[in-house]
Amino acid sequence: TLGATTDRIFLGGTFTTLSTWERRNDLAALDARTGTLLPWNPAMNSINVNTIALNHGVVYVGGLFSSVAGQPRACLAGIDSITGQATAFNPQADGTVSAIAAAHDRLYVGGQFTHIGGQARSYAACLDTALGNALPWNPGSDDFVDAIAVAGDRVYVGGLFSQIGGQPRAGVAALDTSGGSATIWDASADGPVDALAVADTAVFVAGDFNYIGGQGRDGIAALSRVTGQALPWVAK
């Protein structure tokens with residue numbers, strides 16, 4: 001997974017060395033112009049880093065880990081983008097974090113957790129960016145959430161779920177940003193959605209499906225942001 005500023009590329013994954021065999025545990029920073037490995041090193045005790053989001057000088061990372069820069073941080077952390085030190089953000093997720101989307105002073109997160117930010121939250125939550133406390137937004141998914149993106153007044157999510165936001169929604173859904181209720185947008189995938197990205201008029205999705213938005217699509221599709229129906233776009 002990647003995150004970028006004007007001068008830095010933040011790289012997360014499953015690795016122990018980069019560049020000239022310098023040690024980095026699953027998270028590193030590279031110079032955006034030259035690709036040179038930078039000294040920035042949060043020294044994580046981790047299995048992997050799945051997702052990165054940047055917001056106001058903080059690198060938010062999610063995955064499966066127990067500490068960052070010598071501080072206990074369970075599966076989700078905020079790291080200063082310059083110093084590599086852990087911030088006060090500490091939501092203490094009880095399971096893997098798979099996706100993060102930053103929106104102003106909020107972080108929308110998805111994963112395999114059932115408790116985060118001091119509250120019970122099933123696989124999706126919204127946290128304040130300062131301390132990581134859970135906000136009232138609570139869609140109550142019935143299974144893992146693996147992808148998340150915010151656009152306007154909607155939070156698009158993908159995963160293994162069949163119900164979320166109080167409505168039946170298979171694999172992908174659009175939720176309101178206020179309480180987490182499902183909107184009328186319904187693309188109904190026949191398998192899990194692992195990744196998504198929102199453009200001006202379309203939601204691009206990828207996963208292990210063969211049918212989505214009312215059409216046959218093998219693993220990747222473009223969906224109307226208005227209706228959820230599959231668009232003519234087909235990857236070749």
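Read-outs throughout are calculated quantities, based only on the coordinates presented, and are distinct from any laboratory measurement. Quick caveat, the model's predicted, so the values are computed rather than measured. When we count neighbours, we look across all protein chains shown, and the Cβ atoms used for this are built from the backbone with ideal geometry, even at glycine.
Quick look at the numbers
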| read-out | value |
| --- | --- |
| Inter-centroid distance (Cα atoms) of the range 45-104 relative to the range 119-191, Å | 20 Å |
| Inverse of mean 1/r across different Cα pairs in the range 197-236, Kirkwood, Å | 9.8 Å |
| Debye log10 I(q)/I(0) for the chain, one point scatterer per Cα, at q = 0.10, 0.11 Å⁻¹ | -0.45, -0.55 |
| Full-stretch length increase - Tyr211, Ser178 - with 0.36 nm per residue and alpha-carbon distance subtracted | 8.9 nm |
| Cut-off 12 Å, label 7 Å out along Cα→Cβ of Asp94, residues of the range 115-131 by amide N | 115-123 |
| Gain on full stretching of the segment that runs from Asp190 to Asp142 - 0.36 nm per residue minus C-alpha separation | 15.7 nm |
| Net +/- balance of residues flanking Ala170 in space, Cβ distance below 12 Å, scoring K and R +1, D and E -1 | -3 |
| Efficiency of FRET between Ala120 and Leu2 - r from beta-carbon atoms, R0 30 angstrom, step 0.05 | 0.40 |
| Percent breakdown of C-alpha pair distances by 10 Å bin, ordered from the shortest bin, for the range 109-220 | 16, 50, 28, 6, 0 |
| Estimated D of the range 26-67 in µm² per second, where Rh is the Kirkwood radius over Cα pairs and Stokes-Einstein applies at 20 °C, 1.002 mPa s | 188 µm²/s |
| Mean Cβ count within 10 Å, highest first, over the residues of peptides 35-45, 216-226 | 216-226, 35-45 |
